[in-house]
Amino acid sequence: MSTPYFRFKQFTIFHDRCAMKVGTDGVLLGCWAGANHVPFGHLPCTILDVGTGSGLIARMLMQRFPEAEVEGIDIDEAAVEQARGNGVNAYLSSLQEWSMVHGTCPNGKYYDLVVSNPPYFQNSLKNPDKGRELARHTDSLSYEELLAHSERLLTMHGQLAIILPADAEQEICTLATRHSLYLTHVTRVCSKESKPPRRVLLQFEKSESQDHGITESRPLEDSLVLEDDKGGRSAAYQELAKDFYL
């Protein structure tokens, strides 16, 4: 039987009631998101974790940005209760509902940073576990909806940070420009040096116009190899996650 929790340096995440357990994708995004949050010359003050699950990414961002207001939303009631138990201000809501409530009026709530480890299996067989199906398939949140509703909730020059399969990069970057979201940073993640990227970390910035400067220069592009030649965590991965892994 797998352990019901995962222990980090400063906190422990219980995930026994969540469809998706603590995993590398969430840890990567929690370490990486907002690292280049420079549009305002200060750290993000308001952060929303979409599909928070156990609250892993939200807790990581609470540690990295202790002055920020961090909230999480999820459509799974058990996950919301678990995230709350893990110390996250979590709410039972879809992104679509949240943006309609908070992103459509002058006095609504807006975010400097929106993060998501979104559902990503499109046109594939459904998992018989209903919770995992909701968590992993885009039926409940398509890429188009993720981008459109995130843009609605972002402050001007706010950022959206996500992790996806590498083969989805071109599709989501094309969709993003339709919603005034412009790529500023991409990190392609490989399991080993000899392997092609399996995941991609993408950071977009909101802008009303393509002329404000983002599209005049290329986005920052880099890569991350997770394993060294002995199968352990690479030096680069250890450096990225040094404040979290024991």
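Values in this text are rule-based calculations from the coordinates and carry no lab data. As the structure is a computational prediction, the values presented were derived from the model and not from experiment. Ideal geometry is used to build each Cβ from the backbone, glycine not excepted, and the neighbour counts take in all protein chains shown.
With in a loop (DSSP other than H, G, I, E, B) and under 17 Å from the mean Cα position of the chain (by Cα) as the only criterion, which of T52, T3, T104 stands out? Please lay out each step first, then the result.
Working: T3 fails: under 17 Å from the mean Cα position of the chain (by Cα); T104 fails: under 17 Å from the mean Cα position of the chain (by Cα).
Selected residue: T52, the only one of T52, T3, T104 that is in a loop (DSSP other than H, G, I, E, B) and under 17 Å from the mean Cα position of the chain (by Cα).
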Open item on the list: I'm told E67 meets every condition in (1) among the acidic types (D, E); (2) crowded, with 16+ Cβ neighbours inside 10 Å; (3) not in a helix (DSSP H, G or I) except one. Can you identify the failing condition by its number?
Closed with: (2)
Open item on the list: Whether any residue in the range 32-43 is among the aromatic types (F, W, Y), surrounded by fewer than 24 Cβ atoms within 10 Å (Cβ to Cβ), within 15 Å of the chain's Cα centre (by Cα) and under 20 Å from L154 (Cα atoms) is what I want to check.
Closed with: yes
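Among the residues of the range 66-87, what is the count of those that are over 15 Å from P118 (Cβ atoms) and over 15 Å from the mean Cα position of the chain (by Cα)? Even if it seems obvious, please write down each step before you answer.
Our first condition is that a residue be over 15 Å from P118 (Cβ atoms); within the range 66-87, this holds for 66-71, 77-78, 80-87.
Adding the requirement that they be over 15 Å from the mean Cα position of the chain (by Cα) leaves 66-69, 77-78, 80-87.
Selection size over the range 66-87: 14.
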